[in-house]
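Remarks on the structure that follows.
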Amino acid sequence: MADPMTAEVQPKTTVPETSCARLLIVEDDSSLTAGLTRALTLDGHEVACVANGELALERLQATAFDLMVLDIGLPGIDGFEVLRRLRAIGQRIPVLILTARDAIGDRVHGLDLGADDYMVKPFDPDVLRARVQALLRRADRPLTPSLHWGALALDRDGHGARYGEQPLLLTGTEHRLLEALLQARGSTCSKALLLQAAWNWAESPGSDSVRTHIKNLRAKLAALGAPLDLVETVYGVGFRMNPDHAA
Ligand code: CA
């Protein structure tokens, strides 16, 4: 259940254990691109750079990359739109977004759209290298491809989910919340645990956010005919998948 992301934030200067990967950097600031390239090639990665969103989408169609470092502020279509289009077609490449210092909303929005991690500018290149390594290692981990609870099925490799035969369209946050609940297999997940599972990083948006997202999740499930108490409230503690609907 623990997310390896939180375990790997220390600067890392030793030879990485993840073998070299093919990375795409999408950044319109050429000096930053040069710095990123320098830092990431230190770990033996092959790095390609583009300076706008349209080119990024073209490159991603043509070449299989292992990870993308994506600036949010880009000319033309911005990083959010690149991410949205990518996830909309089921592309699960790990994405680390770069956001401006004061734009906390950007980070939350990016994570909701399916970003895997973020760095706030300006950042320490060693920390970036460590984050990239952590994401690459996580992507290597074999996962159970899908989780089930009654008629509900959730793909872990992507954002897909179904209730019966109907697609259940989830935001990144809803997907992560549901994944944590399904992994617990009917045990209660505290709000703190769900916050950690769905948001991962330092600035937890608060337990009210968990409630809000669970409410949205229930509404989406109910619209597909799921029982209203499929995701059950455990008063004063948190939430769980209702064991009555497990089969
Ligand atoms: Ca920029």
Any residue in the stretch 221-236 that is part of a helix (DSSP H, G or I), touching a Gly at 6+ places or on another chain (Cβ under 9 Å) and of a type outside the set (S, T, N, Q)? no
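When you scan the stretch 139-146, do you find a residue that is in contact with a strand residue (DSSP E or B) (Cβ under 9 Å, 6 or more places away or on another chain), modelled with pLDDT under 90 and in a strand (DSSP E or B), even just one? Give the derivation first.
We begin by selecting, within the stretch 139-146, every residue in contact with a strand residue (DSSP E or B) (Cβ under 9 Å, 6 or more places away or on another chain); these are 139, 145-146.
Restricting the remaining residues to those that are modelled with pLDDT under 90 gives 139, 145-146.
Within this subset, residues satisfying the condition of being in a strand (DSSP E or B) are 146.
Yes: the stretch 139-146 contains one or more residues that are in contact with a strand residue (DSSP E or B) (Cβ under 9 Å, 6 or more places away or on another chain), modelled with pLDDT under 90 and in a strand (DSSP E or B).
Of all residues in the stretch 90-107, how many are under 25 Å from residue 137 (Cβ atoms), more than 16 Å from the ligand (Cβ to nearest atom) and of a type outside the set (Lys, Arg)? Break it down stepwise before answering.
At the first step, the residues of the stretch 90-107 found to be under 25 Å from residue 137 (Cβ atoms) are 90-99, 107.
Imposing the further condition that a residue be more than 16 Å from the ligand (Cβ to nearest atom) reduces the set to 90-94.
After this cut, where a residue has to be of a type outside the set (Lys, Arg) as well, the list is 90-91, 93-94.
So the count comes out to 4.
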Scan the stretch 56-82 residue by residue and report those that are within 14 Å of the ligand (Cβ to nearest atom) and either among the hydrophobic types (A, V, I, L, M, F, W, C) or buried (at least 19 other Cβ atoms within 10 Å of the Cβ) (or both). 56, 69, 70, 71, 72, 74, 77, 79, 80, 82
Could you figure out which of (1) under 16 Å from residue 114 (Cα atoms); (2) in contact (Cβ under 8 Å) with a residue 40 or more places away in the chain isn't true of residue 181? (1)
Among the residues of the stretch 125-142, are any over 30 Å from residue 226 (Cα atoms), within 16 Å of the ligand (Cβ to nearest atom), surrounded by 18 or more Cβ atoms within 10 Å (Cβ to Cβ) and not acidic (Asp, Glu)? yes
Can you name the number of the only condition in (1) modelled with pLDDT of 90 or more; (2) buried (at least 20 other Cβ atoms within 10 Å of the Cβ); (3) within 16 Å of the ligand (Cβ to nearest atom) that residue 40 fails? (3)
What do you reckon, is residue 135 closer than 25 Å to residue 33 by Cβ, in contact with a Pro (Cβ under 6 Å, 6 or more places away or on another chain) and among the aliphatic types (A, V, I, L, M)? yes
When only residues in the stretch 160-185 that are more than 19 Å from the chain's Cα centre (by Cα) and at pLDDT below 90 count, which is farthest from residue 209 (Cα to Cα)? 165
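Do we have residue 171 as under 17 Å from residue 114 (Cα atoms), of a type in the set (S, T, N, Q) and in contact (Cβ under 8 Å) with a residue 40 or more places away in the chain here? Spell out how you get there, then give the answer.
Details: under 17 Å from residue 114 (Cα atoms): yes; of a type in the set (S, T, N, Q): yes; in contact (Cβ under 8 Å) with a residue 40 or more places away in the chain: yes.
Judged against the criteria, residue 171 is a match.
The values are calculated or read from the model by the stated rules, or taken from the named source; none is laboratory data. The structure displayed is predicted, hence computed values, not measured ones. Note that we place each Cβ from the backbone using ideal geometry, even for glycine, and neighbour counts take in every protein chain shown.
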